[in-house]
Amino acid sequence: MPSVTADQWLEAAAYRRSVHGLAGTSKVSDKRVEEIVAKVLDFAPSSYNTQPVRISLAFGEKHKELWSIILEKAEPILERINPELWKKLRTLFQSHQAAYGSVLFWERTETTKEAAETHKATAHMFGEWGEHAQGIHQILVWTALELEGVGANLQHMNSLAPIEAAIKKFAGVPEGYKLKAHLNYGDEQRPHPEKPEKLPITDLLNVL
């Protein structure tokens with residue numbers, strides 16, 4: 001049996017927050033982040049153990065270079081759509097760039113297609129199950145990093161195809177990879193955020 005109790009594990013998970021205004025430093029070493037991510041990739045579950053999740057890491061100057069590319073690609077698109085919105089997003093993106101590191105979560109789409117071919121009766125479900133695997137990997141990495149002492153926030157820069165294409169080129173991943181989420185992390189510069197207000201448990205839980 002593991003030495004960690006269920007209550008301790010849940011307390012750790014409950015500590016996770018979306019932390020913004022991160023510093024460009026990290027009290028957690030690059031090697032330790034790599035170890036955490038490798039552990040998650042080694043044990044996190046996926047349907048039929050298909051393992052569709054892939055992860056890329058960008059530390060320090062590589063993280064800042066990544067966000068320079070995102071800012072460059074995003075500006076003409078968002079400026080054209082809504083100049084006022086871009087003014088707000090530019091400030092937000094620059095704050096992400098000021099953080100220390102990036103954890104990029106990808107789906108290897110070939111894995112999803114291969115699983116559908118192998119398991120034809122449930123072929124239509126592998127896209128949905130892949131999203132489940134993504135969420136599991138993301139929350140585990142996010143929680144572990146915050147327990148190690150850094151803050152993090154999860155972004156979705158795959159919402160605009162040209163930005164996703166630029167990130168894929170920067171990361172050097174195969175064409176068949178699909179960007180699913182982007183975790184920024186760095187030292188926290190203000191007190192850890194409080195738990196946000198939630199709906200009453202009676203609205204959320206139904207005991208049959």
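Would you say GLU164 is outside any loop (DSSP other than H, G, I, E, B), at pLDDT 95 or above and within 26 Å of ALA23 (Cα to Cα)?
Yes, satisfied.
Checking the condition open to solvent by 40 Å² or more (accessible area, probe 1.4 Å), more than 24 Å from VAL150 (Cβ to Cβ) and modelled with pLDDT of 95 or more, which residue from GLU72, GLU84, GLU35 passes?
GLU72
Return yes or no: is GLY186 more than 15 Å from LEU41 (Cα to Cα), touching a residue at least 60 places away in the same chain (Cβ under 8 Å) and buried (at least 22 other Cβ atoms within 10 Å of the Cβ)?
yes
I'd like to verify a number: residues in the range 91-142 that are β-branched (Val, Ile, Thr), open to solvent by 20 Å² or more (accessible area, probe 1.4 Å) and touching a helix residue (DSSP H, G or I) at 6+ places or on another chain (Cβ under 6 Å), how many?
Total satisfying the criteria: 1.
So which residues in the range 89-120 are assigned to a strand (DSSP E or B) and either of a type in the set (Val, Ile, Thr) or within 25 Å of LEU71 (Cβ to Cβ) (or both)?
GLY101, SER102, VAL103, LEU104, PHE105, TRP106, GLU107
The values are calculated or read from the model by the stated rules, or taken from the named source; none is laboratory data. These figures come from a predicted structure and were not determined experimentally. Positions of Cβ are backbone-derived with ideal geometry, glycine not excepted, and every protein chain shown enters the neighbour counts. Heads up: the accessible areas ignore ligands, DNA and RNA and are worked out on the full protein's heavy atoms, side chains in. Shrake-Rupley method; radii C 1.70, N 1.55, O 1.52, S 1.80 Å.
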